[in-house]
There are 2 protein chains.
Amino acid sequence: MSEPSDTKPFIQQRNLVDQVADYLTQAIIQRRYVPGERLSEVSLAGDLGISRAPVREAARLLESRGLLVSRPRRGFFVRALEARELGDIFDLRLALERHAIEHLVKHYDTEVEKRLSRQVERMCEIADSGADEGARIEEDLRFHRLMFEATGNHRLLRAFEDLSHELRLCIALIGKTHEAPDSIAGSHWWLLEALKSGDARSCRKAIDYHIGVARDYVIQGVHEAQVR
Amino acid sequence: MSEPSDTKPFIQQRNLVDQVADYLTQAIIQRRYVPGERLSEVSLAGDLGISRAPVREAARLLESRGLLVSRPRRGFFVRALEARELGDIFDLRLALERHAIEHLVKHYDTEVEKRLSRQVERMCEIADSGADEGARIEEDLRFHRLMFEATGNHRLLRAFEDLSHELRLCIALIGKTHEAPDSIAGSHWWLLEALKSGDARSCRKAIDYHIGVARDYVIQGVHEAQVR
DNA sequence: CGATTGCCGACTGTCGACAGTTTTTCTTCT
DNA sequence: AGAAGAAAAACTGTCGACAGTCGGCAATCG
């Protein structure tokens, strides 16, 4: 019996490293750790009731995702994003999203459009139901993830997922909701409209506007959070 | 002051993790490990005269760079690139390079142009001197790295550097030089010409052609290497 | 003779410990 | 009292060890 090439991840017993990584990620984006704060391996391992080895590996993982930074012989610190880096992040995001939507409009697929459409509906429902911002952000990222998935370029998708972690960090810096109820959810219809139009120029305009709004929202939010 | 001739046989002084990472990277791109080959932590640690802990951390680092893949409870394996992934990698590279050159032509800087120009001269010299392919590839990547550096977007630069490791892996898959002496080095003049012209459309055309040539070179090279 | 099951070696995941370094605290001198 | 310096505490980098797990091999069963 040959192994199925798919190799689905059954109910794989989660190793400690992944669990710690998830725990830390949640703790960081829930602002239970202040940006710049030092993470003590020993105390963290002690709190979780495990040894330092898995903690160190998880920290390395988060470092590669941009959530932590390490200084030799000093340990790990929660990444503190400078205002300038916010622009960099969204500029890279723009490059990736432009590429993705350009691909999608060139290889138009009605099935893809349907999937994206369903996701926007879901986002609007969630916005109406008054879910917390975290859930709405996740659904928002999910929409864009679907776009990258639809390009069929796994490496491009990975680049976006790497960036996603930092996007969540940006959101975490802002803190509580400012405004933007379901208008953000609804704004994704514009992207779909541009896609359906089949016009590359419209798509580029739409995505530039979309990401620009998101960037301004985050940058202003962080600015206000710093003044506070 | 420590003893000059220490008992440690191999590496010392710097971070063991970084040293192991460099060692492994070199070993992989020099094809001392076959793609798909399993890396034994114990034997590797034994060969280097160190314990498994730094080896594991280095392996995790290379995994985040796409040089290794890990399977739970099975260990680390040298990444075996599928033909399809080659296309994905160069497609992502195209997205990044388009964005970079678009930025450079929009914010034209004579100092940047001078630096890039010097680098191309250096590449041509090295090509004439008949250096090995590894050195030429590095200088090639260095040119593009300079481009990304010049954008001032650190995150974009990091995305390119992440991709660079995989690009080196692609080159490693090909093996020995096929052709392409200094023509590759010289082809970068076209990019500079487009930049100097100040025309965004010319730049895009130039970078599309440039990356397209590189992609075809790698894809065909890998194809031939597989037939062999 | 082919398929199944139990055993064996090898390896990873995790742990506790030690040494060197960094940070903090406490002392001492001006 | 404040600053410089020394001792102490805390922490990271690294190590060796142990237990659970995986793949392969052989004995067993149909």
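The values are calculated or read from the model by the stated rules, or taken from the named source; none is laboratory data. Everything quoted here is computed from the prediction, not taken from an experiment. Methodologically, a virtual Cβ is constructed for each residue, glycine included, from the backbone with ideal geometry; neighbour enumeration extends over all protein chains shown.
Considering B:LEU116, B:LEU167, the condition of being aliphatic (A, V, I, L, M) and either in a loop (DSSP other than H, G, I, E, B) or within 17 Å of the chain's Cα centre (by Cα) (or both) is satisfied by B:LEU167 alone. All told, A:LEU61 falls short of being within 16 Å of DNA strand C (Cβ to nearest atom) and either touching a Pro at 6+ places or on another chain (Cβ under 9 Å) or modelled with pLDDT under 95 (or both). Residues that are within 8 Å of chain B (Cβ to nearest Cβ) and within 20 Å of B:ARG155 (Cα to Cα) were ranked within the stretch A:48-64; the one that is nearest to DNA strand D (Cβ to nearest atom) is A:ARG60.
Can you confirm whether B:GLU85 is without any contact (Cβ under 8 Å) to a residue 24 or more places away in the chain and within 16 Å of DNA strand C (Cβ to nearest atom)? Answer is no for this residue. Mind checking whether some residue in the stretch A:28-41 is farther than 25 Å from A:GLY175 by Cα, within 8 Å of DNA strand C (Cβ to nearest atom) and touching a helix residue (DSSP H, G or I) at 6+ places or on another chain (Cβ under 6 Å)? No, there is no match, as no residue in the stretch A:28-41 is farther than 25 Å from A:GLY175 by Cα, within 8 Å of DNA strand C (Cβ to nearest atom) and touching a helix residue (DSSP H, G or I) at 6+ places or on another chain (Cβ under 6 Å).
Only residues that are over 27 Å from B:LEU163 (Cβ atoms) and either within 14 Å of chain B (Cβ to nearest Cβ) or loosely packed, with under 13 Cβ neighbours inside 10 Å (or both) were counted in the stretch A:107-120, giving 5. When B:LEU156, B:LEU104 are checked against the criterion of being within 14 Å of another protein chain (Cβ to nearest Cβ), in a helix (DSSP H, G or I) and over 20 Å from the mean Cα position of the chain (by Cα), a single residue qualifies: B:LEU104. I'd like to know if the stretch B:175-183 contains one or more residues that are among the small types (Gly, Ala, Ser) and within 14 Å of another protein chain (Cβ to nearest Cβ). No: the stretch B:175-183 contains no residue that is among the small types (Gly, Ala, Ser) and within 14 Å of another protein chain (Cβ to nearest Cβ).
A:SER51 passes every criterion in (1) surrounded by 18 or more Cβ atoms within 10 Å (Cβ to Cβ); (2) modelled with pLDDT of 95 or more apart from (1). Output the residue which, of all residues in the stretch A:92-106 that are among the charged types (D, E, K, R) and surrounded by 18 or more Cβ atoms within 10 Å (Cβ to Cβ), is farthest from DNA strand C (Cβ to nearest atom). Looking at residues that are among the charged types (D, E, K, R) and surrounded by 18 or more Cβ atoms within 10 Å (Cβ to Cβ), I get A:ARG98. Evaluate the following for B:ARG98: is it modelled with pLDDT of 95 or more, in the same structural domain as B:ALA150 (by TED's automatic domain parsing) and not acidic (Asp, Glu)? Yes: the conditions hold for B:ARG98. Taking the stated definitions as given, is B:LEU44 within 9 Å of DNA strand C (Cβ to nearest atom) and buried (at least 18 other Cβ atoms within 10 Å of the Cβ)? The answer is yes for B:LEU44.
Restricting attention to the stretch A:70-91, the residues that are away from chain B (no Cβ under 13 Å), under 15 Å from A:HIS165 (Cα atoms) and surrounded by 17 or more Cβ atoms within 10 Å (Cβ to Cβ) add up to 1. Scanning the stretch A:65-91 for residues that are of a type in the set (Phe, Trp, Tyr) and away from DNA strand D (no atom under 12 Å from the Cβ) yields one hit, A:PHE90. Looking only at the stretch B:124-134, decide whether some residue is farther than 19 Å from B:LYS205 by Cα and crowded, with 18+ Cβ neighbours inside 10 Å. Yes: one or more hits.
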